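The values are calculated or read from the model by the stated rules, or taken from the named source; none is laboratory data. Just so we're clear, the structure is a prediction, and the values are computed from it rather than from any experiment. In this analysis, Cβ positions are derived from the backbone assuming ideal geometry, glycine residues included, and neighbour counts consider all displayed protein chains. Side chains are part of the model used for accessible areas, which takes the heavy atoms of the whole protein and leaves out ligands, DNA and RNA. Shrake-Rupley method; radii C 1.70, N 1.55, O 1.52, S 1.80 Å.
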Amino acid sequence: MNNISFLIPSMSTSLFNENITYSLDNKARISFKFPPGAGNIKLNPRNSCGDFGYQVPTIDSIGYSNNKIEIQGNNFFNEKKLINLSLQEPNMEPEIISADEMILVDHEKITFNRNIFSPQNLTFRLSIANRVAGSKTEIFRPIIAKINPGTIPTIGGKLTILGTYLNGDKNKPEIKIGDSICGSPIWASDGTNITCEMPKRSPNDKPFMPVIITINNIINNSTNNVSFEKPFITSLKQEKQWFNITGGNLGDPTIPTSYISFLFANGSEIDRLRKIPDKVTENQKNISTLLPSNACNGFLVVINGAQSNRVEVNIKPIITDVSMATTNGSIITVSGKYLNIFNCDEKKQNVTLESSDDKQFKCQFDTLDEKNKNGAHLYCQAPPGTGSNYSVKLTINNLPSDIFLFHYKAPIIHSTKQRGDSIVIIGEDFGEPLTLAYNRGKTARNFTTPAIVVVSNTELLFPIPQDLYSGYYNLIVANQETKGINQLKFGPIISSISRVPTSGGNVTIYGSLLDRISNFNITFVDNNPITDDIVCQTPFINGSKLITCVVQEGCGHSFTIVYKFDGDDSYDFNPDNITFSYEPPTILVYTLDENSILRVYGSNYNETMDISIKGNDERNKPLICTNVKLESVNQSSCYLPKFPHDFIAEPNENITIVVNVGGQVALEKIFIFDPSQREPPPADTKIKVIVPAIVIPCFLALVCGIVVSIILIQRHKKMKKLRKLFNN
């Protein structure tokens with residue numbers, strides 16, 4: 001092994017026998033051990049062995065830390081001057097890394113200074129002593145280490161992303177969070193953080209939103225999420241029908257998924273009470289809404305991407321109107337908002353409607369539960385009372401409404417009528433305290449109970465004072481007065497009149513205020529113009545309630561009372577159209593002698609009278625008694641003819657005597673029927689009917705027979721003549 005040497009050009013070094021460790025295995029192979037080096041190796045003499053060299057370097061990984069790039073691999077060398085290293089970005093010229101930039105080189109690592117603040121796509125090319133390692137591309141993507149804050153308000157806000165390669169000097173970064181762009185990015189020059197403005201929550205935002213950063217067309221590949229803060233409620237305040245909620249992240253009325261909701265006790269939403277806020281402050285810390293009338297006491301939450309904490313709600317009832325009650329008490333309607341007798345879970349609440357002006361006033365709700373469910377109206381039974389402007393408040397679940405004024409209905413007058421010596425006033429909503437304010441010209445007087453009696457809430461009775469005359473009046477019930485002017489018209493009136501027998505006598509007329517008339521006359525006029533008027537003679541006023549007079553004998557009924565007198569005649573003396581009548585006739589007994597003279601005994605008979613007998617069978621016609629004679633006012637006679645032969649009655653059957661005196665009829669079923677009083681039927685009635693019925697048909701048959709015989713004879717003669725003609 002003499003005269004063998006090796007040349008390493010990259011190192012400008014030659015190695016001779018004495019510097020080389022070798023071993024001879026056999027004549028076919030020699031093994032040498034070389035020192036560290038790089039590049040090609042030349043063997044001298046060349047005709048004995050070919051050229052060879054150190055192994056080609058390889059790059060395993062590229063890393064960046066503390067402003068240094070570290071390349072790790074194999075077959076590197078510790079001589080910087082033998083290292084040729086370049087970096088190249090896409091579409092850019094290569095950048096040569098000088099030996100001065102290299103900090104550390106050895107056989108497995110190359111480290112050099114390099115500031116990388118933004119994402120880069122770098123291709124590394126390495127050769128050592130002209131032994132080329134090839135290239136390796138490394139993408140330095142944006143790295144998110146932390147997002148501060150991890151949750152952001154729903155109104156949006158500033159978001160800071162901490163990490164690496166976040167510088168956007170070359171190209172403005174795009175930061176996308178969910179479906180929204182985080183705008184106005186500001187980055188640190190060293191690329192360690194970037195700040196942007198997150199917009200407010202949008203309808204499409206999900207609970208957790210990935211953060212994607214694009215710088216220099218390079219996108220981070222890590223999964224980082226942010227979310228919006230949950231809404232929260234710190235206080236709830238009611239101002240009339242407005243509900244003001246204070247808290248945070250309370251929503252946006254333009255987002256359908258942002259709303260206020262009521263909950264059942266089990267936490268589930270009440271769909272009918274879902275409400276989008278009417279007003280939201282820009283910072284979403286205050287929202288205001290007009291809740292529906294049927295909002296109920298329970299729990300309230302705000303939904304804005306997530307559900308807020310639950311807040312117990314006690315809604316103050318609002319009264320907008322209370323209907324008036326009748327003075328005898330009636331069901332009234334309380335109108336307004338949040339008038340629920342039941343809470344959200346259909347549990348009945350304590351509800352009262354009371355007045356501070358009248359401690360006895362309590363409206364009863366107990367029997368009207370089924371009607372009190374819509375929240376806009378409540379119905380209750382008001383007690384009897386009168387007046388207006390009562391201060392009332394509605395309390396639901398110990399939360400009172402504002403004071404509201406309640407009124408009973410004002411009195412109404414329908415009619416004013418005199419009844420005897422009193423005035424009857426008919427109307428509505430009467431009660432106590434009551435005042436009748438009377439005026440007549442310059443005279444004005446007030447009458448109160450007990451001078452005026454409250455019979456019911458629809459009727460008053462006012463006994464007429466002796467010194468009071470027709471005028472005008474109004475009613476005042478408590479502090480409410482009737483409308484318009486009401487006439488109080490009264491005067492002397494009659495209420496009834498006695499009857500007199502047909503023989504005449506004293507007539508007594510009963511009435512009221514009759515002592516207010518003088519110089520009067522009274523006449524009884526029959527509606528039949530044939531009858532003479534009856535003058536009530538020597539009339540006499542006996543106090544305020546009686547008039548007496550005398551009438552002559554007569555009969556009849558329903559005579560119109562015609563009067564004329566001096567005094568207060570402005571009122572109808574006979575408002576009830578009372579009429580005068582004589583006493584009606586009566587029948588006591590009768591007699592019937594052999595001469596068919598019927599005498600009827602009774603009372604109140606008169607020359608103007610008729611007597612008849614009426615059978616029980618309706619097919620019978622009345623039998624008229626003729627030649628009626630008045631024998632006295634208690635007795636009358638007449639001639640009773642025979643009953644028709646076809647008069648239907650049984651022997652000894654009681655049939656009716658009818659007495660008519662001046663249109664007044666007496667009936668008594670006391671006449672005993674005797675069949676002998678019938679007329680006998682005519683004796684030849686059947687013969688007269690049978691003879692014509694037999695003779696006429698026989699005569700007609702005989703005539704027909706003769707006619708037929710003549711026709712046959714004539715026909716026979718004609719036949720004989722025809723035969724002769726044919727024979728000839």
Just give me the residues in segment 329-358 being surrounded by fewer than 15 Cβ atoms within 10 Å (Cβ to Cβ), in a loop (DSSP other than H, G, I, E, B) and of a type in the set (D, E, K, R), in sequence order.
-> D345, E346, K347, D357
Given (1) touching a Lys or Arg at 6+ places or on another chain (Cβ under 9 Å); (2) within 22 Å of Y510 (Cβ to Cβ); (3) aliphatic (A, V, I, L, M); (4) modelled with pLDDT under 95, where does L461 come up short, assuming only one miss?
-> (4)
Quick one: would you say Y469 is farther than 30 Å from E354 by Cβ, in contact (Cβ under 8 Å) with a residue 40 or more places away in the chain and surrounded by 15 or more Cβ atoms within 10 Å (Cβ to Cβ)?
-> yes
For segment 384-406, enumerate the residues that are farther than 27 Å from N297 by Cβ and open to solvent by less than 50 Å² (accessible area, probe 1.4 Å).
-> G385, T386, G387, S388
Would you check which residues across segment 623-640 are in contact (Cβ under 8 Å) with a residue 40 or more places away in the chain and either hydrophobic (A, V, I, L, M, F, W, C) or exposed (fewer than 13 other Cβ atoms within 10 Å of the Cβ) (or both) and list them?
-> V633, C638, L640
Which members of segment 437-460 meet the condition of being under 20 Å from P384 (Cα atoms) and assigned to a strand (DSSP E or B)?
-> T448, V453, V454, V455, S456, E459, L460
Residues of segment 150-185 being open to solvent by 60 Å² or more (accessible area, probe 1.4 Å), over 50 Å from the mean Cα position of the chain (by Cα), at pLDDT 90 or above and closer than 13 Å to I213 by Cα, which ones?
-> L162, K172, E174
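Which of the following residues is more than 24 Å from S202 (Cβ to Cβ) and surrounded by fewer than 21 Cβ atoms within 10 Å (Cβ to Cβ): T326, T281?
On the way: T281 fails: more than 24 Å from S202 (Cβ to Cβ).
Just one listed residue meets the conditions, T326.
Go through segment 485-504 and give me each residue that's in a loop (DSSP other than H, G, I, E, B) and either out of contact with any strand residue (DSSP E or B) (no Cβ under 9 Å at 6 or more places or on another chain) or open to solvent by 50 Å² or more (accessible area, probe 1.4 Å) (or both). Can you show your working first?
Keep residues of segment 485-504 that are in a loop (DSSP other than H, G, I, E, B), which gives 485, 489-492, 498-499, 501-504.
Scanning segment 485-504 gives I485, K489, R499, P501, S503.
So which residues in segment 208-265 are within 20 Å of N148 (Cβ to Cβ), open to solvent by less than 40 Å² (accessible area, probe 1.4 Å) and either assigned to a strand (DSSP E or B) or among the aliphatic types (A, V, I, L, M) (or both), if there are any at all? Break it down stepwise before answering.
So in segment 208-265, the residues within 20 Å of N148 (Cβ to Cβ) come out as 208-213, 215, 220, 222-230, 248-249.
Checking the rest, the ones that are also open to solvent by less than 40 Å² (accessible area, probe 1.4 Å) come to 209, 211, 213, 215, 220, 224, 226-228, 248-249.
Answer for segment 208-265, where residues must be within 20 Å of N148 (Cβ to Cβ), open to solvent by less than 40 Å² (accessible area, probe 1.4 Å) and either assigned to a strand (DSSP E or B) or among the aliphatic types (A, V, I, L, M) (or both): M209, V211, I213, I215, V226, S227, F228, G248.
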Just a yes or no: is a residue in segment 139-149 part of a loop (DSSP other than H, G, I, E, B) and open to solvent by 60 Å² or more (accessible area, probe 1.4 Å)?
-> yes
Considering only segment 92-134, state which residues are touching a residue at least 40 places away in the same chain (Cβ under 8 Å), exposed (fewer than 15 other Cβ atoms within 10 Å of the Cβ) and either part of a strand (DSSP E or B) or of a type in the set (S, T, Y) (or both).
-> N113, V132, G134
